[in-house]
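*Asks:* This is the structure I have questions about; it appears just below.
The values are calculated or read from the model by the stated rules, or taken from the named source; none is laboratory data. None of these values were measured; they are calculated from a predicted model. Here the Cβ positions follow ideal geometry from the backbone for every residue, glycine too, while neighbour counts run over all protein chains shown.
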Amino acid sequence: MEVALGDRLKSLRLDRNIDQKTLAERAGVSVRALRNLEGGQGSTLHSLVSVLRALGRADWLATIAPVATINPLALGRHAEPRQRATGSRHGAGR
């Protein structure tokens, strides 16, 4: 996954005709950090976010953890009572 992300970052950089040094300067990260990201060798989350912003692709971050459209806490209030597979235990053993 890291390698695929790095390849995508490199592709975006090349599509914009930006060299590594220029992108690193715009992102405020070292060239080494950018090389690590593009090579799939990892870096910091801060570096990744900075590079995405410099490439104009900060919108990618919204796809990582989409906003929930259903509040799980609200489900309990509107859910029907749970049915048991067996009869009531209150009468069992009498």
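*Asks:* Of everything in region 38-55, what is more than 11 Å from L9 (Cα to Cα) and either in contact (Cβ under 8 Å) with a residue 40 or more places away in the chain or assigned to a loop (DSSP other than H, G, I, E, B) (or both)? Give them in sequence order.
*Replies:* Within region 38-55, Q41, G42, S43, T44 meet the criteria.
*Asks:* When you check L34 against the structure, is it surrounded by 13 or more Cβ atoms within 10 Å (Cβ to Cβ), closer than 19 Å to L61 by Cα and in contact (Cβ under 8 Å) with a residue 40 or more places away in the chain, yes or no?
*Replies:* When the stated conditions are applied, L34 does not pass them.
*Asks:* Hey, among the residues in region 52-75 that are within 15 Å of the chain's Cα centre (by Cα) and surrounded by 10 or more Cβ atoms within 10 Å (Cβ to Cβ), which one's modelled with the lowest pLDDT?
*Replies:* L61
*Asks:* Pick from region 5-37 the residues that are assigned to a helix (DSSP H, G or I), touching a helix residue (DSSP H, G or I) at 6+ places or on another chain (Cβ under 9 Å) and of a type in the set (G, A, S): which of them is modelled with the lowest pLDDT?
*Replies:* G6
*Asks:* I would also like to ask the following. Cβ-Cβ distance below 8 Å, separation of 6 or more or different chains: which pairs start in region 1-23 with a residue that is within 16 Å of S43 (Cα to Cα) and among the small types (G, A, S) and end on one that is in a loop (DSSP other than H, G, I, E, B) and modelled with pLDDT of 90 or more?
*Replies:* Here the result reads G6/G39, each pair linking region 1-23 to a residue that is in a loop (DSSP other than H, G, I, E, B) and modelled with pLDDT of 90 or more.
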